[in-house]
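S.K.: The structure that follows is given in the form of structure tokens.
The values are calculated or read from the model by the stated rules, or taken from the named source; none is laboratory data. Source: prediction; values computed, not measured. In this analysis, Cβ positions are derived from the backbone assuming ideal geometry, glycine residues included, and neighbour counts consider all displayed protein chains.
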Amino acid sequence: MIYLSNIEKVYRTETVETLALNNISLSIEKGEFLSIMGPSGCGKSTLLNIMGLLDEPTKGTIKLDAQEINDFSDKKLSRFRNRKIGFIFQSYHLINDLPVLDNVELPLLYRDVSSAERRRLAAAALEKVGLANRMKHYPSQLSGGQKQRVAIARAIVGQPEIILADEPTGNLDSAMGNEIMEILENLNRADHTTIVMVTHDENMARRTHRLVRLFDGSLVSSNTFVN
Amino acid sequence: MLTNYLKITLAVMQRRKMFTFITLFGISMTLSILIVLTAFYEHIFSANYPEVNRERCLYATLLEEQNTKEGGMRRGPMSLYYINNYIKTLKTPEKIAYSTVPNTVNIYGNGKKLRLFFKYTDPVFWEITQFEFLEGKPYTQRDIDNNEQVAIINTETRDDYFGKGVPAVGKNMEINGQNLKVTGVVRGCPITRLVVAADVYLPYHLQKKASEEVKEYNGGYTAIVMAKTPADLPKIQQEYAEVVPRIPLLTYGGFKPDRLNAGLSTYFDSIVRDMFFGSGGGSARARFYLFVAIFALLFMSLPAINLVNINISRILERASEIGIRKAFGASAQKLVTQFVIENIILTLFGGLLAILISGAFIWWFNGSHLIPYADLGINWTVVTIALALSLVFGLMSGVYPAWRMSRLPAVEALKG
């Protein structure tokens, strides 16, 4: 499903060159739930952003769903992101000026989906994460856990094959984090959605199928769990 | 999608109140001023009551007698002698009327002192102009031949002198020491109809000094020359242009003119030439339009530049939203479209506000009696053009910052 080969990411300023990712090769199967761990600044989020086509690698090849992505135009990349990938961010990244329902239907805005259908699908996604009663609320009126559930609803509304979650439980208490993890596990089990999750929490990582560890931009270990 | 854009536009407008105020103020005030200025322009220059035939009229308002060698000039309206001999004799026009420039007189009536504008006219004046007679009728050549002591007044004068709504025809007024019988009451026109406006109209024979007999070219009269069709105007101008060089020059005491400058101009040209650029040269219209174009360009470019600046900072503030939209599938093109649509919505708000503001101002002005009988109106063509222009500004000011932000890598935008 996701195939990374010899990925390198270098950040350059006028005076300094920082190697964020060093020769990363990784293959993630369809329906797999993979977690990425490592100390702060080791390149976890950079790796996730490259998988999500939000950032470009300096070197290396990315294949998603058997398609080589490197030469995609902006339009094609956008379309690919829209159809195939859903994002969940640690800081939720909701649009505060729009109510919950409008936030959730955002990915569908960039598809040929009628307004009524968008509403229906967004409501269904909110139902799935237990927030059907908060559709008309604004993000500022929700708790952290509720915001993250809205973000999950937005990530799944377009039924993407891949969900990339960057520390989805990082800002939540353990009970709320557990709830979010359960939603992700259900998505993976029931819909066979491929999930890649960056986390600092070993317990959360152990609930996934596989854990890879990064250190200073390099892949240092890979553990498979039986879940 | 549009509903979503509208929602976010309204939300941003509400959230960023100062930005919204500055933007809307800039757009609406610029457009309002433009609409009001156009209303004044139309009020002054268009064919309005009672000069509904202005499109096929030429005006003789100025005559210059010049001594080019020693210097010196006599410049002003014409004498009746001049008009009768050199304008009334033109063959191409359908009708030629003349009247004096307005003079003021103080009279006493209804227990108060009234300061009135009056002018002497010939009977043809009432044929070329289309004054609405609310009472009575215009004086005729027969009245003049019979030396009738008559006057025509406007409604405001009637109301002030005889009482509001009191019929005036058949009653007498004391004007300039003459006891005159009112034979007509017309709906007045604003003083900005410079050639025809007055409070009281008198037949020209009542002028104490029979100016017909004064053999001078300069005097107190202007003439309106009406063609059968607007197409005839150049022919009339040509005919007059051929007459002028043949007019014998007069000598006034020690002043010996060697040149006579006179022409027939459209109303617009006569006003622009007289008011702004003096009589010299024939390019008054071109210079006027150049002046107006430069003014309008400078005037409108200020809010446009302001809008570009505000938009850049506004869009930069929304980097995170752009990142989110990119992450979920918005292409650069879609983002540019979104911000442009937002700008258009905002500009349209400004435009609507401008129509309301200018409409309210015009309504107030017409009722204020700052200019009695003022009949300013909104020119919808100008409103449409102004709105289109502001949409262009909206587009221009929105496209560049949106394009710049849309090029930003999504991951950078998400950082805010």
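S.K.: Output the residues belonging to the stretch B:17-70 that are of a type in the set (Val, Ile, Thr) and touching a Leu at 6+ places or on another chain (Cβ under 7 Å).
M.R.: B:23 - this is the single residue of the stretch B:17-70 that is of a type in the set (Val, Ile, Thr) and touching a Leu at 6+ places or on another chain (Cβ under 7 Å).
S.K.: Within the stretch A:52-72, which residues are within 9 Å of chain B (Cβ to nearest Cβ) and either surrounded by fewer than 16 Cβ atoms within 10 Å (Cβ to Cβ) or farther than 30 Å from residue A:17 by Cα (or both)?
M.R.: Hit for the stretch A:52-72 is A:56, nothing else.
S.K.: Hey, any hits in the stretch B:359-375 for a residue that's more than 30 Å from residue B:51 (Cα to Cα) and either among the small types (Gly, Ala, Ser) or in the same structural domain as residue B:308 (by TED's automatic domain parsing) (or both)?
M.R.: Taking every residue of the stretch B:359-375 in turn, none turns out to be more than 30 Å from residue B:51 (Cα to Cα) and either among the small types (Gly, Ala, Ser) or in the same structural domain as residue B:308 (by TED's automatic domain parsing) (or both).
S.K.: Also, quick follow-up: From the set of residues in the stretch B:289-321 that are under 26 Å from residue B:410 (Cα atoms) and polar (S, T, N, Q), which is farthest from the chain's Cα centre (by Cα)?
M.R.: B:320
S.K.: Looking at the stretch B:375-385, is at least one residue touching a residue at least 12 places away in the same chain (Cβ under 8 Å), of a type in the set (Gly, Ala, Ser) and part of a helix (DSSP H, G or I)?
M.R.: no
S.K.: Within the bounds of the stretch A:100-116, is there any residue that is surrounded by fewer than 19 Cβ atoms within 10 Å (Cβ to Cβ), without any contact (Cβ under 8 Å) to a residue 12 or more places away in the chain and not in a loop (DSSP other than H, G, I, E, B)?
M.R.: yes
S.K.: Scan the stretch B:6-30 and report the pairs whose first residue is within 20 Å of residue B:389 (Cα to Cα) and whose second residue is of a type in the set (Ser, Thr, Tyr), with Cβ atoms within less than 7 Å and a gap of 6+ or a chain change.
M.R.: Note: pairs meeting the criteria are B:27/B:347; B:27/B:390.
S.K.: Considering only residues that are more than 9 Å from chain B (Cβ to nearest Cβ) and either crowded, with 22+ Cβ neighbours inside 10 Å or of a type in the set (D, E, K, R) (or both), look in the stretch A:81-91 and name the one that is farthest from the chain's Cα centre (by Cα).
M.R.: Result: A:84.
S.K.: Cβ contacts < 6 Å: first residue assigned to a helix (DSSP H, G or I) and surrounded by fewer than 23 Cβ atoms within 10 Å (Cβ to Cβ), restricted to the stretch A:195-206; second residue modelled with pLDDT of 90 or more and among the hydroxyl-bearing types (Ser, Thr, Tyr), any location; separation 6+ or different chain. Result?
M.R.: A:205/A:35; A:205/A:199
This table checks each residue for (1) touching a helix residue (DSSP H, G or I) at 6+ places or on another chain (Cβ under 8 Å); (2) within 14 Å of chain A (Cβ to nearest Cβ); (3) of a type in the set (Val, Ile, Thr); (4) closer than 25 Å to residue B:246 by Cα.
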position	(1), (2), (3), (4)
B:5	yes, yes, no, no
B:16	yes, yes, no, no
B:22	yes, no, yes, no
B:27	yes, no, yes, no
B:45	yes, no, no, no
B:65	no, no, no, yes
B:90	yes, no, no, yes
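S.K.: Same structure again: Looking for whichever is farther than 19 Å from residue B:333 by Cβ, of a type outside the set (Asp, Glu) and within 14 Å of chain A (Cβ to nearest Cβ) here; the options are B:411, B:382, B:392. Which one fits?
M.R.: The match here is B:411.
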